[in-house]
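Chemist: One structure follows; several queries about it will come next.
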Amino acid sequence: MIAYFRAQIEAGADAIQIFDSWGGLIAGGDYNAASLCWIREIVAALPKDFPVILYAKGTAAQLVDQSFTGVKVISVDWTVPLRTVREQLPRTIALQGNLDPVLMNLSPEIVRNEAGRLLAEMNGAPGHIFNMGHGIMPQARIECMEALVDTVTGWKASP
C-alpha cells in the first residue's frame, strides 16, 4: 500500500484515502494490532503533512485513537452523530461524512431534509467535508442524487 500510495502522490494525487472496511468487525482491544498500527505505518511513510483520509466502517469506539495516526481527515459512517464526533476529536482533524446511503433509495424530499439537517448540525464546526456515510447503493434514485447535489451546493452557512 505504501508503494502504491507513493506512486499516486508522484502522479499528482491531492489526497489519499485509506479504507478499513472491516475494522468494525475487530474486537476493540484487538483493533490496534490488527489495523491501527498498519495505518500509522502507512501514514508515517508518506510525505509529511500530505492529506490522508481514513475511512474505517463501524469503528466509532476507535475514532479518538484514529485521530492520532497522523491522518488529516476521518471519514465517519452514518451510524454516529457527526456533531458528537466533532466534539470528541481534535480540531486539527477534519471530518468527512456522513449521510445514510439508504436515503438515496427513498424520496428527494427526505434527502433534502436529511442533508440540510446534517449541514445545519455541522454549521460553525471546523473542517467538515459533506459525504455519504458509506458509498452509494446501485438502487439509488437519480432524482435523490440530484436533490442531494442541489442541497449541498446551494446550502449557505449561517454566521
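The values are calculated or read from the model by the stated rules, or taken from the named source; none is laboratory data. Note that the coordinates shown come from a computational prediction; the quantities given were computed from them, not determined experimentally. Counting neighbours? That spans all protein chains shown, and the Cβs are built from the backbone with ideal geometry, glycine included.
Chemist: When you scan region 27-35, do you find a residue that is of a type in the set (A, V, I, L, M, F, W, C) and in contact (Cβ under 8 Å) with a residue 12 or more places away in the chain, even just one?
Modeler: Scanning region 27-35, I find no residue that is of a type in the set (A, V, I, L, M, F, W, C) and in contact (Cβ under 8 Å) with a residue 12 or more places away in the chain, so the answer is no.
Chemist: So which residues in region 1-22 are in a loop (DSSP other than H, G, I, E, B) and not hydroxyl-bearing (Ser, Thr, Tyr), if there are any at all? Let's see the steps before the verdict.
Modeler: Going residue by residue through region 1-22, those that are in a loop (DSSP other than H, G, I, E, B) are 1, 11-15, 20-22.
Result: 1, 11, 12, 13, 14, 15, 20, 22.
Chemist: Only one of these conditions is not met by residue 49: (1) out of contact with any helix residue (DSSP H, G or I) (no Cβ under 9 Å at 6 or more places or on another chain); (2) buried (at least 21 other Cβ atoms within 10 Å of the Cβ); (3) assigned to a loop (DSSP other than H, G, I, E, B). Which number is it?
Modeler: Single failed check for residue 49: (2).
Chemist: Given the criterion within 21 Å of residue 14 (Cα to Cα), in contact with a Pro (Cβ under 7 Å, 6 or more places away or on another chain) and charged (D, E, K, R), identify the matching residue among 48, 72.
Modeler: Step by step, each of 48, 72 is checked, and only 72 is within 21 Å of residue 14 (Cα to Cα), in contact with a Pro (Cβ under 7 Å, 6 or more places away or on another chain) and charged (D, E, K, R).
Chemist: Taking residue 29 as meeting all but one of (1) surrounded by fewer than 14 Cβ atoms within 10 Å (Cβ to Cβ); (2) modelled with pLDDT of 90 or more; (3) out of contact with any helix residue (DSSP H, G or I) (no Cβ under 6 Å at 6 or more places or on another chain); (4) not in a loop (DSSP other than H, G, I, E, B), write down the number of the exception.
Modeler: (2)
Chemist: Out of region 53-66, which residues are surrounded by 18 or more Cβ atoms within 10 Å (Cβ to Cβ) and farther than 15 Å from residue 22 by Cα?
Modeler: The answer is 53, and nothing else.
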